[in-house]
Amino acid sequence: VQLQAFGGGLVQAGGSLRLTCAASARTFNLYTISWFRQAPGKEREFVTSISPSGGFTVYVDAVKGRCTISRDNAAENTVLLQMNSLKPEDTGVHSCAARVGVTIRSRHAYRYWGQGTQVTVSS
């Protein structure tokens, strides 16, 4: 599966962004899709994930209540990440990744990656 992430940008603290992960595979509905963030000078870290059916989601504590992940398996083959009340610590390259199987927070468990989109939140 090929993934493409877009929708990043520069926003002020408190603002919102909606990231999109677009997938090419006809079997998109078989993949768990996760978002990862890599801040400058830090390792890539797990942010959120959604199950193949969309019925199960996972968030790290830092984004709970501020971010919502959703997916469209029917028409668009996309996963959306709505990010609200953005904070400077949300800054980083956000990448989407796919795997067959349950959600795993380790980046090493994902075989397929999109190229990432930059999110910058100014204070």
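Some notes on this structure:
- Rounded accessible area of Val100 (nearest 10 Å², 1.4 Å probe): 100
- Restriction of the chymotrypsin sites (Phe, Trp or Tyr not before Pro) in segment 1-93 to DSSP coil positions whose beta-carbon has at most 13 other beta-carbons within 10 angstrom yields Phe56.
- Relative contact order, whole percent, for the chain stands at 36, derived from Cα pairs under 8 Å and 6 or more residues apart.
- Å² per residue, accessible surface of segment 68-111 at 1.4 Å: 50
- Exposure rank, largest accessible area first [Val119, Val60, Val102, Val93; 1.4 Å]: Val102, Val93, Val60, Val119
- Charge dipole magnitude, Cβ of K and R +1, D and E -1 - segment 38-123, Cα centre, debye nearest 20: 200
- Shown for the chain: the carbon plus sulfur share of the solvent-accessible area, taken with all protein chains present and a 1.4 angstrom probe, equals 48%.
- For segment 9-90, the alpha carbon positions stretch 36, 24, 21 Å along the principal axes, listed from largest to smallest.
The values are calculated or read from the model by the stated rules, or taken from the named source; none is laboratory data. Everything quoted here is computed from the prediction, not taken from an experiment. Because the Cβ atoms are built from the backbone with ideal geometry, glycine has one as well, and the counts that use them run over all protein chains shown. Ligands, DNA and RNA are excluded from the accessible area calculation, which covers all protein heavy atoms including side chains. Shrake-Rupley method; radii C 1.70, N 1.55, O 1.52, S 1.80 Å.
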